[in-house]
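Asker: Let me begin by handing over the structure; questions about it come next.
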Amino acid sequence: MTAPAIELKSINKRFGPVWANRDIDLKVMPGTVHGIVGENGAGKSTLMSILYGFYTADTGQILVNGQHINIQNSQQAIAAGIGMVHQHFMLVEPFTVLENVMLGMEGQGLLARAQSKARKALNEIASRYGLDIDPDAIVGDLPVGLQQRVEILKALYRGAKILILDEPTSVLTPQETGQLFNILESLRSQGVTVLLITHKLREIMAITNHVSVMRAGKMVAHRDTDRTNPEELAELMVGRKVLLKVDKRPACPGENRMTVNKVGYVDDRGVKRLKDISFSLRSGEILGVAGVTGNGQSELMKILTGALQPSTGSVSLETGAGVHVLKVGEWPDAGQMRDYGMGHVPEDRLQQGVVKSFDASENAILGYHNKEEYGSPLLKPENIVNATLELMEAYDVRPQLPSLKTANFSGGNQQKLVLAREMMKEPDILIIGQPTRGVDIGAIEFIHRNLIAARDKGAAVLLVSVELDEILSLADRIIVMNDGAITGEVVASETNETELGVLMTSTADADAPVFEDKGHSGKYEKKEEAAA
Amino acid sequence: MSQLAAVESPRWVRIGLIPLLQLVLALAVSSLVVLMIGEDPIRAFKIMIHGAISTEFGGLSNTLYYATNFIFTGLAVAVAFHAGLFNIGGEGQAYVAGLAVALVCLTLDSTLNVWFIAPLVVIGCAAFGALWGVIPGYLQAKRGSHIVVTTIMFNFIATALMSYALVVWISPLGGNSTDSRYWASDAVIPKVHELAPSLGFEASFSLLSPVLLVALACCALVWILIWRTRLGFAIRTVGSNPNAATYAGINANRVIIITMAISGALAGMMAFNEAYAAQGRLILNFTSGFGFMGIAVALMGRNHPFGIVLAALLFGALYQGGTELQFEIPSISPQMVLVIQGLVVFFTGALDRLIREPVEAVFQRRAIANANAAVAGGN
């Protein structure tokens with residue numbers, strides 16, 4: 001039997017008290033595409049960083065082609081034949097393709113000879129793997145898909161026989177994704193080993209031979225792709241067989257609170273992130289937004305809460321603060337949105353929801369700091385501390401120390417503080433993203449109960465979550481997003497994960513991703529039908 | 001990794017032990033310099049310390065006079081820093097504020113006395129300094145021009161502008177070729193040694209004036225601004241996490257412009273002390289590096305008004321002690337004194353992390369170990 005291209009033996013990596021990787025074992029056979037899936041924070045990126053020499057493992061062994069090697073930095077990884085294509089490209093945009101490919105490998109002082117050598121090698125690699133590209137094109141002028149191709153060429157030019165791709169499709173259009181998968185096909189047929197890091201199960205099913213699942217820093221399962229299915233992988237990723245059942249009465253939706261009308265958003269790179277999103281939200285209901293991460297949910301939340309300007313469309317709000325029609329060009333900021341009666345629990349609390357270096361009490365008023373109850377004209381610390389204690393009491397934030405630095409609270413307690421801040425004001429509209437990300441089970445139930453309570457008090461709740469069971473157990477109606485568009489709307493009590501899974505991967509228009517490869521995707525479809 | 005960054009070392013380490021270690025290291029290297037020219041470092045430091053704190057020849061007063069300048073420029077850097085802005089234009093902002101001093105004094109010093117002139121000069125200095133700070137602030141907020149580059153450029157513009165103003169407009173009104181005339185003595189805040197007899201004590205000549213009290217009041221105001229006002233809350237949010245600022249509905253661009261106006265106004269106040277009170281006239285290059293020294297003062301003072309007072313005192317003592325040193329040991333040239341001052345700035349400012357990181361890491365490791373024990377003990 002041939003030795004595995006990569007073998008990892010009991011890799012451990014700790015950051016302070018956090019185990020990023022714990023006893024990781026992994027075997028990747030040569031000439032295969034091996035998928036690694038897991039939720040955000042499961043430890044995929046840390047593991048790949050160890051393999052590529054950005055971090056050093058605390059303990060454990062790395063074997064490449066059966067040889068023990070010691071990877072301390074990325075030069076050693078490259079020397080061992082490992083190449084990496086990062087999620088965010090490491091390219092010099094004003095340079096040509098050729099210059100980018102030979103960067104760091106010029107060899108001597110004068111460039112001319114190195115250039116002609118590199119050009120020859122580049123042509124040879126390009127024709128062998130079917131990676132056509134103009135070596136003299138300026139990288140900054142190329143579309144994202146071709147920039148990624150340059151990254152792959154860079155790795156191959158450095159002699160990579162093992163290619164790590166970190167979330168390679170997150171920046172690609174569906175067509176570019178199809179092209180990338182064709183390239184991976186051809187790399188595999190030429191004997192290159194590919195490690196594909198992703199959380200998109202559809203891609204795993206479409207291209208990989210084997211798949212390994214990580215959860216909370218541990219490797220929880222290895223599967224042959226043709227002997228597993230997305231449902232099983234999802235369960236392995238999340239680690240729960242049972243849905244978290246939440247006690248709730250049927251919703252009694254009241255008047256319309258928010259009407260979203262054909263909202264679209266085009267980002268700086270010219271990629272359409274949102275396409276004509278329309279829906280309405282009524283008081284006393286929870287509307288779930290389901291979808292794989294990165295399909296426009298973040299942009300939608302930011303637009304609805306005033307952190308981002310949409311490119312097209314309008315939104316009308318009917319709350320206790322009156323009727324407001326929001327139009328492109330005169331979009332309110334987050335402070336005004338709060339005045340209109342909106343609460344917002346952001347998806348990423350450390351990025352948006354809190355300032356880590358602030359005291360808990362300062363974060364307890366972030367966004368509401370202009371309210372007079374916190375002192376006027378100067379802020380009164382005792383008012384703020386008392387308000388904070390009230391929030392901490394109501395939402396069981398521990399430790400109950402308003403003066404403690406926010407960074408020193410656990411993730412779950414930070415999240416509870418943010419939830420308390422946004423929900424205790426009893427806003428008419430609540431926009432909530434990933435309410436239980438990084439939160440332990442006990443806190444999850446607590447948070448869920450409070451969301452239902454807010455709904456029953458008449459709040460209109462928009463719940464964005466990548467956790468399907470969270471959406472299924474909390475939401476009354478569910479809209480599903482894929483590739484920036486709404487692909488379907490269902491009633492929560494009449495649907496199931498399978499139906500949602502189909503909607504999450506179906507497309508709203510003709511921009512369908514094209515996987516021109518053999519068998520795999522076909523099998524996936526068949527399984528879906530069988531499961532249904 | 002993220003854990004390390006999250007845990008802070010105790011306050012006494014951050015504002016006590018680390019600056020002290022930095023100072024000791026700076027003095028150790030300075031000793032080598034003094035030894036190199038064949039003098040006794042212990043004696044040199046004794047002279048410096050005595051020169052800086054003696055009350056006999058106005059040593060302590062002059063230390064406090066220098067500290068007044070450093071407090072203003074240090075506060076200017078600190079306020080901007082809380083908004084994540086590195087204002088290295090304090091020098092130019094103070095210099096241009098000198099123009100306000102000349103404007104007010106040259107037009108009004110024969111008609112109004114100090115009680116009317118001084119408030120006008122304060123307003124003028126703050127306004128001119130603010131203007132010189134707000135333009136880079138505007139360019140940063142609206143055009144994305146980096147504040148470091150624009151404030152440096154504005155220092156050069158200030159130098160050229162002031163040279164022109166002094167030579168062409170101001171000196172013809174009665175001064176030397178590059179200076180203004182002296183302001184009328186009734187219009188200028190008296191110095192401490194002039195006030196002393198009427199207050200019942202004797203003081204030897206120094207440049208110290210009651211402006212020091214204004215500087216200390218500014219410290220209190222800055223503290224209130226940063227930690228007790230909504231604007232300060234917004235400034236700190238923008239400086240620590242711009243995403244959270246957007247999320248909270250804080251207009252970061254507006255905050256940046258306002259912060260630079262405040263920062264520039266504080267730097268401008270240095271002209272109030274130097275060009276109005278201490279020198280009593282406008283001199284070419286009167287800022288003589290005090291503005292730049294504000295960066296080191298703010299760094300060493302950890303951008304906290306109280307720390308800035310301490311750091312300003314230290315740098316004031318270095319300036320005054322250095323002057324004494326030149327008198328006492330002639331073989332130590334003014335340039336040598338600059339070297340010693342430079343070394344202190346170097347170790348406390350530029351090489352801040354050389355000491356800070358290893359020392360903090362020791363305490364952080366201890367804190368994490370404690371935290372781990374606490375986690376193991378129950379969540």
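The values are calculated or read from the model by the stated rules, or taken from the named source; none is laboratory data. Just so we're clear, the structure is a prediction, and the values are computed from it rather than from any experiment. Note that each Cβ is placed from the backbone with ideal geometry, even for glycine, and that neighbours are counted across all protein chains shown. SASA here: full protein model, heavy atoms, side chains in, ligands and nucleic acids out. Shrake-Rupley method; radii C 1.70, N 1.55, O 1.52, S 1.80 Å.
Asker: Calculate, in whole percent, how much of the Cα-Cα pair population of chain B lies beyond 35 Å. Let's see the in-between values first.
Answerer: Values: 21531 of 71631 pairs.
Across chain B, Cα pairs with separations above 35 Å total 30 percent.
Asker: Let me have the relative contact order for chain A, percent, based on Cα pairs under 8 Å that are six or more residues apart. Don't jump to the answer; show the numbers that get you there.
Answerer: Details: 1058 pairs, mean separation 79.0, N = 532.
Relative contact order, chain A: 15 percent.
Asker: Here is a further query. Given just the C-alpha atoms of region A:186-293, how large is their convex hull per residue in cubic angstrom? Don't skip to the answer; put the middle values down first.
Answerer: Details: hull volume 20.1 nm³, N = 108.
So the per-residue hull volume is 186 Å³.
Asker: Continuing with this model, one more query. Nearest 0.05, what FRET efficiency do A:ALA3 and A:ASN70 give at R0 = 22 Å with Cβ-Cβ as r?
Answerer: Details: r = 18 Å, r/R0 = 0.80.
For A:ALA3 and A:ASN70, the calculated efficiency is 0.80.
Asker: Still on this structure, I have one more. Send over a whole-number figure in Å² for the accessible area per residue of region B:233-277, probe 1.4 Å. Intermediate values should be presented prior to the final figure.
Answerer: Numbers: 980 Å² over 45 residues.
Value returned for region B:233-277: 22 Å² of accessible area per residue.
Asker: To two decimal places, what compactness ratio does region B:123-259 give when its Cα radius of gyration is scaled by 2.2 N^0.38 Å? Before the final figure, lay out the partial values.
Answerer: Numbers: Rg = 20.7 Å, N = 137, 2.2 N^0.38 = 14.3 Å.
The value comes to 1.45.
Asker: In region B:240-278, what residues drop by 20 Å² or more in accessible surface going from the chain by itself to the full protein assembly, probe 1.4 Å?
Answerer: B:SER240, B:ASN241, B:ASN243, B:ALA244, B:THR246, B:TYR247, B:ALA248, B:GLY249
Asker: Can you give me the solvent accessible area of B:LEU207 with a 1.4 Å probe, rounded to the nearest 10 Å²?
Answerer: 40 Å²
Asker: Residues with beta-carbon under 15 Å from that of A:GLY254, excluding A:GLY254: net charge, scoring Lys, Arg +1 and Asp, Glu -1?
Answerer: Numbers: positive: A:ARG249, A:ARG257, A:ARG282, A:ARG455, A:LYS457, A:ARG477; negative: A:GLU255, A:GLU285, A:GLU318, A:GLU426, A:ASP428, A:ASP456, A:ASP476.
Spelling it out: positives minus negatives among the neighbours equals -1.
Asker: Provide the net charge surrounding B:ALA311, with neighbours chosen by a C-beta distance below 13 Å and charges set as Lys +1, Arg +1, Asp -1, Glu -1.
Answerer: Values: positive: B:ARG302; negative: B:ASP352.
Within the 13 Å Cβ shell, the charges total 0.
Asker: Grab the DSSP H runs of chain A that are 4 residues or longer, score each as -39,500 (n - 2.57), total them, divide by all residues and round the 222 nm result to the nearest 500 deg cm²/dmol. Kindly include the intermediate steps, with their values, before the conclusion.
Answerer: Values: 17 runs with 176 residues, N = 532.
Result for chain A, helices only: -10000 deg cm²/dmol.
Asker: Here's another thing I want to ask about it. Between B:ASN370 and A:THR56, what is the FRET efficiency for a Förster distance of 30 Å, r being their Cβ-Cβ separation, to the nearest 0.05?
Answerer: After rounding, the FRET efficiency stands at 0.70.
Asker: Expressed as cubic angstrom per residue, what is the convex hull volume of the alpha carbon set of region A:414-476? Walk me through the numbers before you get to the answer.
Answerer: On the way: hull volume 4.8 nm³, N = 63.
It is 76 Å³ per residue.
Asker: How much of the accessible area of region A:6-238, in percent, comes from carbon and sulfur atoms when a 1.4 Å probe is used? Each step should come with its number before you reach the end.
Answerer: Details: 4650 of 9440 Å².
Carbon and sulfur: 49 percent of the exposed surface of region A:6-238.
Asker: Between chains A and B, what is the buried accessible area summed over both chains (1.4 Å probe, protein heavy atoms, nearest 100 Å²)?
Answerer: Working: alone 23500 and 17930 Å², together 38780 Å².
It comes to approximately 2700 Å² buried between A and B.
Asker: Once you order the gyration tensor axes a ≥ b ≥ c over the Cα atoms, which shape class does region A:360-514 get: rounded for a/c under 1.5, otherwise prolate or oblate by comparing a/b with b/c? Intermediate results must be reported in sequence, preceding the final value.
Answerer: On the way: a/c = 2.42, a/b = 2.24, b/c = 1.08.
Prolate is the answer for region A:360-514, as a/c is 1.5 or above and a/b outweighs b/c.
Asker: P(r) of chain A in 20 Å steps, Cα pairs, percent per bin?
Answerer: Histogramming chain A at 20 Å steps yields 20, 50, 27, 3 percent.
Asker: Could you please state how large a percent of the accessible area of region A:386-479 is carbon and sulfur, counting protein chains only and using a 1.4 Å probe? Walk me through the intermediate numbers first.
Answerer: Working: 1530 of 3080 Å².
Heavy-atom surface of region A:386-479 belonging to carbon and sulfur, 1.4 Å probe: 50 percent.
Asker: Another question, then. Let's see if you can work this out: charge +1 on each Lys and Arg Cβ, -1 on each Asp and Glu Cβ, no other charges. What is the dipole magnitude of region B:61-305 about its Cα centre, in debye to the nearest 20?
Answerer: 880 debye
Asker: Can you classify region B:29-76 as rounded, prolate or oblate using the Cα gyration tensor, where a ≥ b ≥ c are the square roots of its eigenvalues, rounded means a/c under 1.5, and otherwise it's prolate if a/b beats b/c and oblate if not? Provide the component values of the computation, followed by the final result.
Answerer: Working: a/c = 4.65, a/b = 1.63, b/c = 2.86.
Oblate, since a/c reaches 1.5 and b/c is not below a/b.
Asker: Which percent, to the nearest 5, of DSSP beta bridges fully inside the protein assembly as shown are antiparallel? Walk me through the numbers before you get to the answer.
Answerer: Details: 47 of 83 bridges.
If we restrict to bridges inside the protein assembly as shown, about 55 percent are antiparallel.
Asker: Here's a follow-up. Explain nothing, just the number: relative contact order of region B:61-305, from Cα pairs under 8 Å at least 6 residues apart, as a whole percent. Kindly include the intermediate steps, with their values, before the conclusion.
Answerer: Values: 467 pairs, mean separation 105.0, N = 245.
Taking the mean separation of contacting Cα pairs over the length of region B:61-305, I get 43 percent.
Asker: Let me ask another. Within the accessible area of chain B, what % is carbon and sulfur when the probe is 1.4 Å and the other protein chains stay in place?
Answerer: Summing carbon and sulfur atoms, their accessible area is 69 percent of the total for chain B.
Asker: Heavy atoms only, probe 1.4 angstrom, no DNA, RNA or ligands counted: give me A:LYS27, B:LYS191, A:LYS9 ranked by accessible area, highest first. Spell out each step's value before the answer.
Answerer: Values: A:LYS27 115, B:LYS191 25, A:LYS9 75 Å².
Final ranking, largest accessible area leading: A:LYS27, A:LYS9, B:LYS191.
Asker: Same structure, new question: Could you report the accessible area of B:PHE45 in Å², rounded to 10, computed with a 1.4 Å probe on the protein chains as they sit in the structure?
Answerer: 30 Å²
Asker: With +1 assigned to the C-beta of every Lys and Arg and -1 to the C-beta of every Asp and Glu, and no other charges, what is the dipole magnitude of chain A about the Cα centre in debye, to the nearest 20?
Answerer: Numbers: 55 positive and 67 negative charges, 279 e Å.
Roughly 1340 debye, rounded to the nearest 20.
Asker: On the full set of protein chains, 1.4 Å probe, figure out the accessible area of B:TRP169 and give it in Å² to the nearest 10.
Answerer: Only protein atoms counted, so the area is about 140 Å².
Asker: Local charge sum around B:VAL114 (other residues, Cβ-Cβ under 14 Å, Lys/Arg +1, Asp/Glu -1)? Numbers along the way, then the final one.
Answerer: On the way: positive: B:LYS191; negative: B:ASP109, B:ASP186, B:GLU194.
Taking every Cβ under 14 Å from that of B:VAL114, the sum is -2.
Asker: Suppose only helical runs count, i.e. DSSP H with n ≥ 4. What mean residue ellipticity at 222 nm does that imply for chain B under -39500 (n - 2.57) per run, divided by all residues and rounded to the nearest 500 deg cm²/dmol? Don't skip to the end; give the middle numbers.
Answerer: On the way: 16 runs with 259 residues, N = 379.
Computed mean residue ellipticity for chain B: -22500 deg cm²/dmol.
Asker: How would you order B:80-89, B:61-70, A:57-66 from highest to lowest mean count of nearby Cβ atoms within 10 Å? Present the calculation step by step, with values, prior to reporting the outcome.
Answerer: Numbers: B:80-89: 24.9, B:61-70: 26.8, A:57-66: 16.4.
Final packing ranking: B:61-70, B:80-89, A:57-66.
Asker: What is the distance, in nm, between label points placed 7 Å from the Cα along the Cα-to-Cβ direction at B:ARG43 and at B:LEU195?
Answerer: 3.9 nm
Asker: Name the residues of region A:321-354 whose accessible area falls by at least 40 Å² when all protein chains are present instead of the chain alone, probe 1.4 Å?
Answerer: Residues passing the criterion (a loss of at least 40 Å², heavy atoms only) are A:GLN351, A:GLN352.
Asker: Roughly how compact is region A:6-238, stated as its Cα Rg over 2.2 N^0.38 Å to two decimals? Walk me through the numbers before you get to the answer.
Answerer: Details: Rg = 17.7 Å, N = 233, 2.2 N^0.38 = 17.5 Å.
Ratio of Cα Rg to 2.2 N^0.38 Å: 1.02.
Asker: State the Kirkwood hydrodynamic radius of region A:107-169 in Å, one decimal place, computed from all pairs of distinct Cα atoms. Write down the numbers at each step before the final one.
Answerer: Working: mean 1/r = 0.0780 Å⁻¹.
It is 12.8 Å.
Asker: Would you mind working out the accessible area per residue for region A:6-238, using a 1.4 Å probe, and quoting it in Å²? Show your work: numbers first, answer last.
Answerer: Details: 9440 Å² over 233 residues.
On a per-residue basis, 41 Å².
Asker: Still on this structure, please answer the following. For region A:335-385, report the accessible area per residue in Å² (1.4 Å probe, heavy atoms, rounded to an integer).
Answerer: Numbers: 2020 Å² over 51 residues.
Ligands and nucleic acids excluded, the result is 40 Å² per residue.
Asker: Got a sec? Which residues of region A:17-36 lose 20 Å² or more of accessible surface with every protein chain in place, vs. that chain alone, 1.4 Å probe?
Answerer: The answer is A:PRO17 - residues whose exposure falls by at least 20 Å² when every protein chain is included.
Asker: Give me the Kirkwood hydrodynamic radius of region A:351-425 in Å, from all C-alpha pairs, to one decimal place?
Answerer: Details: mean 1/r = 0.0833 Å⁻¹.
Computed over Cα pairs of region A:351-425, the Kirkwood hydrodynamic radius comes out at 12.0 Å.
Asker: For region A:60-85 and region A:333-381, what is the separation of their Cα centres, given in Å?
Answerer: With region A:60-85 and region A:333-381 each reduced to a Cα centre, they are spaced 47 Å.
Asker: Reported to two decimal places, what Rg/Rh ratio describes the protein assembly as shown when computed on Cα atoms with Rh from the Kirkwood expression? Walk me through the intermediate numbers first.
Answerer: On the way: Rg = 32.8 Å, Rh = 31.7 Å.
Checking Rg against Rh, the ratio lands at 1.03.
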